[in-house]
Every structure is written in structure tokens, then in C-alpha cells.
Amino acid sequence: MAELTMMRRSPLAALARDLMDNAVTGERNVRVSEWRFTTMVSLRVDPTSAAADALEGVLGTTLPRSSGEVTSHGQHSVLWLGPDEWLVVSQMSADALVPALQECVAGAHAAVVDVSANRTVLELRGASALAVLQKGCPLDLHPRAFGPGQAVSTTLARIPLVLWQVGPDSYRLLPRASFAEYVARWLLDASLEFASTFRDGGRSE
Amino acid sequence: MMLLTCPWCGPRDETEYHYGGQAHVAYPENPSDLSDEEWAEYLFFRDNPKGPFAERWSHSAGCRRWFNVVRDTATYEVLEVYTNADPRPVVGSPAGGSR
Ligand SMILES: [Zn+2]
């Protein structure tokens, strides 16, 4: 696989320069970047089954049981996608992780699939990150309703994606690879106004 | 804009869902026994009430699960939300109520 790994291109490789050049600095800063080639594994399993127990053993953490919940251990985070569906996002190589997880569900009514190429990860970070997302997401992103450590499937600018808040001013967006460029360009456009030095008479946001 | 409460994800915007038509339309036990007219009835004929209507919805941009909603077609009020495993609610019963 090594030679194939060297040939691969991330969905936003062609935009890397634009993402850097269009970072907004200053008080209302916001920037977009891509986390390339993140390992992602889809799990479909009955959470009460022995196979689920075995998966939890390998991951070192429980499969989250409710919408929005994320569990983490070491290099792995597990995102709830549905009552019998999860997405493992990991810093470990897929070559190492996927066979170990597949072994857990051998013979069971369950599925473990390497979906690393299905989505890419965009990171949106900065004081204006929330304001940018609020322009195109139907979800209530106010801190009283959504906060760090939560991830949900929703839409941004009509594109289905997983939105994962990791810090007060920091989000990860996981769109399908074919939508990634549109999402990135939409984010750059939505960020543009915060680069302006124009102030609206001190009115707070 | 309508807010629907997914049984698994909670309240989400209408745009995250897809509509699936009338609920509780059972697949015929023996389709081959049906006359053309009965088969057409099953495939194409649906109720069209003014008032409470049990219908299927899919949370397509969220958890991708199908569930049922009783919605008033005149006021758009969502009267009940229930999963396929839940019994069909009696609309207007004190146990139900509006959401
Ligand atoms: Zn849902």
C-alpha cells in the first residue's frame, strides 16, 4: 500500500494555498484548514451485542448512546451517527485499526468498514467561527444548546455533514469528499466580512 | 418553517428531513392474489384528510432513521411523534397532547 499512499491527494489539496491566504486575522479572526487523510471507520452494530462489547474493548471507550455524544480514548474518538451507527475518527493508521475492529465482528450481524476516503476533515477556528457557521446551519449552535465535545449530523449551506465542536472557538466539519471544495469555498466567502475593518458603531453581535 | 422532533436526535429543522407519505400502509400479504384494481389501490391511493394525518418521515440529514408523525394538515401542528416500534397513538387522547 505504501506506493499508493504516496500518490494520494486530499480533496482540498488544490485549495491549500487559498485556505492559508484567506485566513482572517485580528479581533474577529477565523481560519479554515484541512486535516488530511484522517482515519475514519464506520461501525454498524447492535450496541447490546457481544460484538459491540468487543469493539469497545479495542477502542478503549464506550460507543456513545445518544445523539451529539462523542467518546474518546487515546488516538480514537467515536461519534454517534444513529442508534446502531457510529463513526470512529482516529489518528491511528487504517491499516492497523480496521483489521483489529473487523476481527471483533467476525460472524456477527454487524459491519466495520474503512470509510477514510469518504469524508475529509475541515477545521474552522477563531473568534468568528460560530458567526460563520450560523450563516448556513439550521442547528441551534448557541452555547446553551451546543458545545465542545458534541458532534451531530446536520447540514451547512445545504450540504450534509458532521459538525463537531472541539473547543469554544473551534469546530471540525466532515463533509463527503465530493462536497469538500464547495464547503471550503462557502466558508471562505462567509469569513470574508470579518476581515473588514469597518465597525458598525460599536453595536455588539 | 417547521420544527420536527426526531425520536433519536430531538428537535431539528424541517430541512433535515424527507417526507415519506402516509404511514401504516401495510404491504399486501399475497400481492399475487390482488386484482389490478386492488394493487393500484395499494400502490397509488392515499388518504387526504383535512386534519390529523399519520405520515412517515426520514431524518435524512441526521440519523437517517424513519419514524412516524401525526400532523394536522390544516394547521401544520405536530400532534405526535413515534417510532415504528411504538403503537399507533390515538390522536386527541389525553396521553398525547400537542408538541
Ligand atoms: Zn434523527
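The values are calculated or read from the model by the stated rules, or taken from the named source; none is laboratory data. Quick caveat: nothing in here was measured; it's all calculated off a predicted structure. Note: ideal-geometry Cβ built from the backbone for every residue, glycine included; neighbour counts use all protein chains shown.
Residues checked against (1) assigned to a loop (DSSP other than H, G, I, E, B); (2) buried (at least 20 other Cβ atoms within 10 Å of the Cβ):
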{"position": "A:Asp95", "(1), (2)": "no, no"}
{"position": "A:Val98", "(1), (2)": "no, yes"}
{"position": "A:Gly107", "(1), (2)": "yes, no"}
{"position": "A:Leu122", "(1), (2)": "no, yes"}
{"position": "A:Ala127", "(1), (2)": "yes, no"}
{"position": "A:Ala131", "(1), (2)": "no, no"}
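Tallying residues that are of a type in the set (Phe, Trp, Tyr) and either within 14 Å of chain A (Cβ to nearest Cβ) or within 13 Å of the chain's Cα centre (by Cα) (or both) within the stretch B:1-50 yields 3. Contact map, the stretch B:61-78: residues that are on the phi > 0 side of the Ramachandran plot paired with residues that are part of a strand (DSSP E or B) and within 16 Å of the ligand (Cβ to nearest atom), Cβ distance under 9 Å, separation 6+ or inter-chain. Pairs shown: B:Arg64/A:Leu81; B:Arg64/A:Gly82; B:Arg64/A:Glu85; B:Arg64/A:Ser153; B:Arg64/B:Ser58. The single condition from (1) out of contact with any strand residue (DSSP E or B) (no Cβ under 6 Å at 6 or more places or on another chain); (2) within 14 Å of chain B (Cβ to nearest Cβ) that A:Gly68 fails is (1). The residue list A:Thr48, A:Thr61 contains one member that is among the polar types (S, T, N, Q), without any contact (Cβ under 8 Å) to a residue 40 or more places away in the chain and under 26 Å from A:Asp169 (Cβ atoms), which is A:Thr61.
Residues that are within 16 Å of the ligand (Cβ to nearest atom) and β-branched (Val, Ile, Thr) number at least 2 in the following strands (runs of 3 or more DSSP E) confined to chain B: B:78-82.
Taking each residue of the stretch B:20-33 that is at pLDDT 95 or above and looking for partners that are assigned to a helix (DSSP H, G or I) with beta-carbon atoms closer than 6 Å, six or more apart or interchain, yields B:Pro28/B:Tyr42.
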